[in-house]
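Working notes, structure below.
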C-alpha cells in the first residue's frame, strides 16, 4: 500500500488543491455541498452507496458505506465545513511553499478528506476488503458546534466498535486521545435606563448586574479539576451618561469529566436565577454542547492497535489531550472506542497561516488504511 500511495501522491495533492480552492464555510451551503458532491462521486466510483441527509441552512450530511458492507464495525467522522468566509479561496488560493501546502481549510480538514479517500483506495487496490467494514460520515457543521449533525453521529454509533475521527494530527504529529467537554451560555440582562447625571437613582444598571454575575461565574473555575468558566464577550449600554438598560455576556465553559456537566449547569442556573441588583432581570440560554472525550480503557486499547501499526511503518505514534472540542466527543460519550487526530499533520488552524505538511500526507494515509485493516482482521 505504501508503494501505491507514493505513486498517487501527485493525484492526492491535485485533489487537495481542488478542495481548498472551493469556499466551504459552515454557513456556505452551496460550497459545502459542492465539496460533498465531489467526494460523493469519487466514493460512488469505488462502489460505495451514499445516503444524503438534507439540511436547509447548512450543507447536507453524507453517510457512505460499500455496497458489500454488512454491519460495519468501524465508523469514520469527517467534516466538510471550514471556518473561512466567502471569497477566502480567491484571496489566498492553494499554494505550496517548500514542504508545506497553504490555503483555507488545507489541514482542517480538506487534507483529511484526501487521506481518507486514498486510504480506502489503497485497501481496494491491494484487494484488502477491510473497506467493507467501514461507514463514513461526512458532516457539514462541525465548526459551529455540530447543531444538526450531532444526532446523526450519535445514531450511527449503533453497532460500532471503533470511531476514527479524521481531524488533523497535532503540530508535532500526535493523535488526540482526550478532549475537554465544551458549552456556551448567554446572559441577557435587562435593567432600567436613566440619566446618569440628572436622575441616576431612577435607573437600574444592567451592566452592574452583569458585572456581579461575571465575578460569581468566574469563581466556578477549578483548573485542578479541569473546570473553566470564561465570560469572553460582553455588550451593553448606549452612552456613558446613561444608566444601561441592557447588557449581554457570552460564556464559554470547559469540563474534563462527563459528570461535571450537570453540576456546572446547575451552578450557573443558581447564580443567574436571582438578580443582585434589585429591579433587573436575567435570561439565561445555552448548554453543554459537547461532552468530554475521556481517555478510558477502550480508548487506550484502540490507541495500542494504532501504535502497533505505526511501528510497522516506522512511525512513532504519540497522543495528547487537548482543550479543544470535536465530534470525537459524541462517539466517545456513546461508549465507542474513539481516537481523534488521524488526519495529516499541520498547524495554525483557523488562521491565514494554516498549513499542511506535504510529507505527512502519504504517511498518515497509510497509517489510516493499515489501522482499518488491523481492526477488521482482529474481529
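Worth a mention:
- Of all beta bridges that DSSP places with both ends in the chain, some 75 percent have antiparallel geometry.
- Model label zone, residue 129; criterion: amide N under 17 Å from point 7 Å along Cα-to-beta-carbon; scope the range 60-80: 65-74
- Cα principal axis extents for the range 46-183, largest first, Å: 44, 37, 30
- Between helix 9-20 and the chain: long-axis angle, C-alpha atoms, 0 to 90°, nearest 10: 30
- Each 20 Å bin from 0 upward holds the following percent of the Cα-Cα pairs of the chain: 27, 50, 19, 4, 0.
- Mean separation of Cα contacts under 8 Å (6+ apart) over length of the chain, as relative contact order %: 22
- Reported value for the range 279-377: 141 Å³ per residue, from the convex hull of its C-alpha atoms.
- Computed extension gain for residue 27 through residue 307, at 0.36 nm per residue and net of the alpha carbon distance, reaches 97.1 nm.
- In degrees, nearest ten, helix 111-125 long axis to first principal axis of the chain (Cα): 30
- FRET efficiency for residue 348 and residue 234, using Cβ-Cβ distance with R0 set to 25 Å, rounded to 0.05: 0.30
- Expressed as a fraction of 2.2 N^0.38 Å, the C-alpha radius of gyration for the range 114-183 is 1.31.
- On the basis of the beta-carbon distance and an R0 of 41 Å, residue 52 and residue 218 show a calculated FRET efficiency of 0.40.
- Ordering 322-329, 24-31, 176-183 by mean Cβ neighbour count within 10 Å, with the highest value first, yields 176-183, 322-329, 24-31.
- Maximal additional length on extending the residue 225-residue 97 stretch stands at 41.8 nm, based on 0.36 nm per residue less the C-alpha distance.
- Taking every DSSP beta bridge that has both ends in the range 52-174, the antiparallel portion is near 45%.
- Rough spin-label spacing in nm, given labels placed 7 Å along Cα→Cβ, for residue 248 and residue 196: 2.1
- Convex hull volume of the Cα atoms of the range 181-290, normalised per residue: 82 Å³.
- Proxy reagent accessibility, fewest Cβ within 10 Å first, across 110, 270: 270, 110
- Packing rank of 243-249, 169-175, where each peptide gets the mean count of other beta carbons within 10 Å, highest leading: 243-249, 169-175
- Chain lengthening between residue 378 and residue 86 when straightened (0.36 nm per residue, less Cα-Cα): 100.6 nm
- Cα-based helix-to-principal-axis angle, 260-273 vs the chain, degrees rounded to 10: 20
Read-outs throughout are calculated quantities, based only on the coordinates presented, and are distinct from any laboratory measurement. Being a predicted model, the structure only gives us computed values, none of them experimental. A quick note on method: Cβ atoms are made from the backbone with ideal geometry, for glycine too, and the neighbour counts reach across all protein chains shown.
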